[in-house]
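Reviewing the structure listed below.
The values are calculated or read from the model by the stated rules, or taken from the named source; none is laboratory data. The shown structure was predicted, so the numbers you read here are calculated from the model rather than taken from an experiment. Quick reminder, even Gly has a Cβ in these numbers, built from the backbone with ideal geometry, and neighbours come from all protein chains shown.
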Amino acid sequence: MHIYVVQKGDSLWQLSQRYGVPASRIGAVNGLADNNVLVIGQALVIPVPENGGNSLTRKETGVHTVQKGETMHAVAKQYGLSLQQLMQANSIGNPALAAAGASVIIPEAAKPEIEVNGYVKPGSNGVRDAKQYASSLTYLSPFSYSVSADGSLVPLDDEALIQAAIAGGAAPMLVVSNFEGDNFSPDLAHALLQNAGAREKLTANILQLMQDKSYIAVNVDFEYVPVADKNMYHQLLQRLVDTLHPHGYLVSAALAPKTSSDQAGLLYEGHDYAAQGAIVDFVILMTYEWGWFGGSPMAVAPLNEVNKVVRYAVSVIPPDKILMGMPLYGYDWTLPYKPGTTAETVSPQEAVERAATMHANIEYDEQAESPFYHYYDSAKTEHVVWFEDARSVQAKYNLVKSYGLRGVSYWVLGVPFVPNWYVLKDNFTIRQLPFPSASSGAN
C-alpha cells in the first residue's frame, strides 16, 4: 500500500488513473462516503491493484515513482521504512538528489509478527464489531467485568462476543477492572486489595469464569490504585499468575502512561512498571488520552509523548512483553476552550466527513504525527478537531517496529476507521494463538 495526501484539484478518478487502482477500490479501502468528496490534506491508502502492475506495489515490482515535491523521507515513511533503508537499497548518497519522475526501489522486508488486542464494549454493536475485526486480532477483550470489594465479579453479557471472537480466530481475553459507575474507583481498589480473603476469592472467581467461558487470557485493568496498595496489587497479580499458568492461561495488566518510575499523580503512583512487568506475561500501555474529552485540545496520542512512555517502558520491561495502546477515535473541541466543558468524540471517518462538510483543509502536526483542522459551525463558533489517519497510525506502527514491541492494543473497536486495518496488515503479520483443549482448562 501507499499513503497519499490529497492535494488541491485531486479527484478520485484522477488518483484511480494515476495508480491503476479502481476508484471503487480506493473508496472502499478508505471508507469514503458515496459522494467520494476528497478533502485537501486527507490521507488516503492506495491499495495493491487487483490486476497488478502498479508502480507503488512493493510485492509486484518494488518500485516507487517519485512525485513532484515528494522527499525521500516522505517516501520512506509511506512504506514503513527508515530513510537509511531506502537510501541503501538505491545506493543514494544524498536523498535530495531524487527528482520527480525518478524510480526508487522499495526493498521487500519480512513483516514482523505481532500480537493485536482490541477492547470491545458489550451489546449488539459490540457483537457486530467482534465479527468484523476478530480475524485481525490476537485477543478480543470485552470491557469489562467489574470487581466488588469482597472479590466477587459483576456479571457481563459477553457470550455472543466470545463466540464471535473464537469464530474469527481471536482469543477471548477477560478484562477485570475497578470500574464503578462511570469511573475507575480508587476506593474500590483499596477495599479489595487490602483484604487478603477478597483477593483470594477474586482469583478463584477469575479462574472459574475463564474455565466456564473459554477465556484464555486475563487483563487486569485496575486504575487509580492508591500508592499504599501497590504491593498488595503486586501480590494479586502474582497470585493470578501462580493460579492460572498451570491451566495454560495468560495474565496481563494495563499500565498508565508513565515516563519515569517516580511520576507523581494518583493515576501513576500505584503502577510499578518494573514490578508488574516482571510478574505478568505482558502489559498494555494506555498510551492515549493526552487530548481527552474533558481536557484542552491536543492530539489524543501524540507520537512524541507516546515515544517517551515506550522509551521508559522498554528500559524496565522486555519489549516482547509490551503492547502499545492506540486510539481509534478523535475529538471535536469548541473554541476558545473553557475548563469544565467537554469535547465530542468523533471517529476518523466522521472527522474527514465533517471537514468536507465544513470546507476545512486538514493539516498535519509533524511532531505529534497527528492530523487536525479548524472550522466554524453555523453559529460562527470555532472548533478544532484532532483525530487519527493512515499517516498517524503508520507512524505508531513504525514505533512498534523500531522498539521490537510485542504488539498493539486498540481502544476501542466499533469506531469507523477502515484505513487502519489495511495499514496494520501491510506492516505486520498478526499472531493468532492456539486455543487450549476443553480439558486443559479444567484440570
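Residues in the stretch 34-48 that are under 18 Å from Tyr422 (Cβ atoms) and either touching a helix residue (DSSP H, G or I) at 6+ places or on another chain (Cβ under 8 Å) or among the basic types (Lys, Arg) (or both): Asn36, Leu38, Gln42, Ala43, Leu44, Val45, Ile46, Pro47. Filtering the stretch 236-247 to residues that are surrounded by 15 or more Cβ atoms within 10 Å (Cβ to Cβ) and either out of contact with any strand residue (DSSP E or B) (no Cβ under 7 Å at 6 or more places or on another chain) or at pLDDT below 95 (or both) leaves Leu236, Gln238, Arg239, Thr243, His247. For first residues located in the stretch 185-204 and not assigned by TED's automatic domain parsing to the domain that holds Val218 and in a helix (DSSP H, G or I), partners that are small (Gly, Ala, Ser) and surrounded by 14 or more Cβ atoms within 10 Å (Cβ to Cβ) and lie 6+ apart or on another chain with Cβ distances below 7 Å do not occur.
Residues of the stretch 328-362 that are in contact with a strand residue (DSSP E or B) (Cβ under 8 Å, 6 or more places away or on another chain), in a loop (DSSP other than H, G, I, E, B) and among the polar types (S, T, N, Q): Thr341, Ser347, Asn361. Of the residues making up the stretch 199-235, those that are buried (at least 22 other Cβ atoms within 10 Å of the Cβ) and farther than 18 Å from Asp281 by Cβ are Leu202, Val225. Scan the stretch 430-443 for residues that are within 19 Å of Gly118 (Cβ to Cβ), surrounded by fewer than 17 Cβ atoms within 10 Å (Cβ to Cβ) and either touching a helix residue (DSSP H, G or I) at 6+ places or on another chain (Cβ under 8 Å) or modelled with pLDDT of 95 or more (or both) and the total you get is 2. Filtering the stretch 324-352 to residues that are touching a His at 6+ places or on another chain (Cβ under 8 Å) and surrounded by 13 or more Cβ atoms within 10 Å (Cβ to Cβ) leaves Asp332, Trp333, Thr334.
Across the stretch 297-320, the number of residues qualifying as under 12 Å from Val400 (Cα atoms) and not aliphatic (A, V, I, L, M) comes to 4.
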